[in-house]
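Here, each number is a calculation from the coordinates, and none is a lab measurement. Just so it is clear, the model here is predicted, and its values are computed rather than measured. Neighbour counts are summed over all protein chains in view; Cβ atoms, including those assigned to glycine, are modelled from backbone coordinates with ideal geometry.
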Amino acid sequence: MELLLFLPAILGALLIWLVFPDRKSRMARNIPGPTAYPIVGNIFNFIILGPKAPESWRKHREKYGNAFRVWLGPQLHLFLFDPDDIQMILTSNTLLKKSVSYDPLIPWLGTGLLISTGKLWQMRRKAITPTFHFKILDEFVPIFNKCSKALRDCLKDKVGKGPFQLTEYMSNCALDAIAETAMGTEIKAQTNPHGEYPTSVLKMTAALMEKIGNPFLDIEPFYTISGRRKRESDLLKILFSLPMEVIKGKRYSKTTYRNGKTSSDEVYGIKKKTAFLQLLLEMKQNNAPAFRTDQDVQDEVITFMFEVSFSMIKFQKYFVIIFLISRQK
């Protein structure tokens, strides 16, 4: 019955796509790439994610050159391999609008730097830059060392026991480091890997990768009926709780300290080396246009944690691929 209800809509969309191609479709016809099929695009003949993806990209590059296009459902994607092309896009002051591929991240990251565009992106980028000064980062080296030693201790148990999955270990190490340096609090993901927050990060990241890799999963009402939206909502409640708790604790710390009372830096176990969060809160207090509310601060902190953790996961995957290729040579 459901299929009969959706069939006219599918046929109508197919007819419009064939008879009245939009500007994006007309432009795509001038760019080389694999054969795309109506509605589904290249979902069945192009590997976008997973361990086989790099090999798929390499083969398509050899066949179509340093710039080729693929359709993931109704979404057009361009793959660029020429450094000059990539530099032109990444250094542009006008190409700031994010593609629809970033939309699945909005419920989690809000208006953080990864998602924001235009004037808001420029204000946030300018405001955040001072937090990455080398002198500030040098203060965090002891934290990085501590987290690295914890990772070493965790990996000791795996010596001589055959292959194992690195993702969880690298992600938890990154989470420990970024939580303490950006928020000034310890979550101890490495010593308690099955804690609610670390597992929620991994589950949410896996859900996002699944959604990004298959655009049809985000189509309603299928996304809600499948139970994915409820799972996403439950995970987001957990992921939002920690940053907001730290933000409130830090704000309370500053208030009580100014009133001559005991600083909650001690009560909450929050250390002084919170350059990133502290700067954002100070800007909010000074009515900076980039950060006017706690939500603005939360979005940026969560974005920062997500980017570091996600980058660590991707780094270790590509490191393994490079290592295996080098061994083969």
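Given a Förster radius of 51 Å and the C-beta distance between Ser99 and Phe134 as r, what FRET efficiency does 1/(1 + (r/R0)^6) yield to the nearest 0.05?
Given R0 = 51 Å and the Cβ-Cβ separation, E is 0.95.
Just to compare against my own numbers: the Cα pair-distance distribution for the range 97-158, 5 Å bins, whole % per bin, please.
Going out from 0 Å in 5 Å bins, the range 97-158 shows 3, 15, 14, 12, 11, 14, 16, 10, 3, 1 percent.
Could you calculate the FRET efficiency of Met123 with Asn287 from 1/(1 + (r/R0)^6), where r is the beta carbon distance between them and R0 is 22 Å, rounded to 0.05?
0.95
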